[in-house]
Amino acid sequence: ENTRMNGQVEKVLQMAIIDKNDFNLNFTNIDLHDIIEKAVDNIILQIEKKEGEIHTNLKATNHFISGDQTHISNIIYNLLDNANKYSNEKPEIVITSQDVPDGIEIIVKDNGIGISKEAKKHIFDKFYRVHTGNLHDVKGFGLGLSYVKTMTQAHNGKIDVVSELGKGSSFIIVLPTKQS
């Protein structure tokens, strides 16, 4: 519990720094497929604990981007973690990459509880949490998606979500291969 709480405090402090735009990105040439595979390796036990599965469909031929490895890794992990947390039973998660004119598109698709139209307007707001009914089994402060959006935009990327209540969600990120 101490470790979990320390992690949460660290996230709040990081968000305060991000809010002040007091952060520097360390742009290097990174292999996005390698980052995705490592994130999958890090979360697979949690998914398997719920008798779920995760699949990768990495089709991007140009999967090297100019980005901050730590923050890109955190973006991918946050999306996978949410896909797992917001799937009731037996999560089915697919992470896809493909080439697009603007760079690389990454899609994290799940079979979770989905997001209502009203909630979709707020999911990238700081401290916003999607309601899961009377259950309080999804832990966190509602900082993950705010962080994901901020860091995606800091990399000159775009993020969107397609979701339907009871039918899961797809988070779509487009990251440029080169920074201007």
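The values are calculated or read from the model by the stated rules, or taken from the named source; none is laboratory data. What you are looking at is a predicted structure, and each value in this text was computed from that prediction instead of being measured. Using ideal geometry, Cβ is built from the backbone for each residue, glycine included, and neighbour counts are taken over all protein chains shown. These accessible areas exclude ligands, DNA and RNA; they are computed on the full protein's heavy atoms, side chains included. Shrake-Rupley method; radii C 1.70, N 1.55, O 1.52, S 1.80 Å.
Regarding region 110-128, can at least one residue be identified that is among the acidic types (Asp, Glu), at pLDDT below 90, open to solvent by 40 Å² or more (accessible area, probe 1.4 Å) and over 20 Å from Tyr147 (Cβ atoms)? Explain how you work it out, then say what you get.
Here is the first cut: in region 110-128, the residues among the acidic types (Asp, Glu) are 110, 118, 125.
The next check asks that each one be at pLDDT below 90; those that pass are 118, 125.
Add one more test, that the residue is open to solvent by 40 Å² or more (accessible area, probe 1.4 Å), and what stays is 118, 125.
If we keep only those that are over 20 Å from Tyr147 (Cβ atoms) too, we end up with 118.
Yes, there is a match, as at least one residue in region 110-128 is among the acidic types (Asp, Glu), at pLDDT below 90, open to solvent by 40 Å² or more (accessible area, probe 1.4 Å) and over 20 Å from Tyr147 (Cβ atoms).
Only one residue in Val94, Val40 is buried (at least 18 other Cβ atoms within 10 Å of the Cβ) and either of a type in the set (Val, Ile, Thr) or outside any loop (DSSP other than H, G, I, E, B) (or both), so which one is that? Give the steps one after another, and end with the answer.
On the way: Val94 fails: buried (at least 18 other Cβ atoms within 10 Å of the Cβ).
Going through Val94, Val40 in turn, the sole match is Val40.
Working only within region 1-57, note down all residues that are among the aromatic types (Phe, Trp, Tyr) and modelled with pLDDT of 95 or more.
Filtering region 1-57 for residues among the aromatic types (Phe, Trp, Tyr) gives 23, 27.
Within region 1-57, no residue meets the criteria.
Which one of Lys90, Lys109, Lys50 is within 20 Å of Ser169 (Cβ to Cβ) and under 17 Å from the mean Cα position of the chain (by Cα)?
Details: Lys90 fails: under 17 Å from the mean Cα position of the chain (by Cα); Lys50 fails: under 17 Å from the mean Cα position of the chain (by Cα).
Matching residue, one of Lys90, Lys109, Lys50: Lys109.
Can you tell me which residue in region 58-84 is modelled with the lowest pLDDT, limited to those that are assigned to a helix (DSSP H, G or I) and open to solvent by 70 Å² or more (accessible area, probe 1.4 Å)? Give the steps one after another, and end with the answer.
The initial filter retains those residues of region 58-84 that are assigned to a helix (DSSP H, G or I), namely 69-84.
Right, trim to open to solvent by 70 Å² or more (accessible area, probe 1.4 Å) and you get 69-70, 77.
Working: Gln69: 91, Thr70: 87, Tyr77: 92.
Of everything passing the filter in region 58-84, Thr70 is modelled with the lowest pLDDT.
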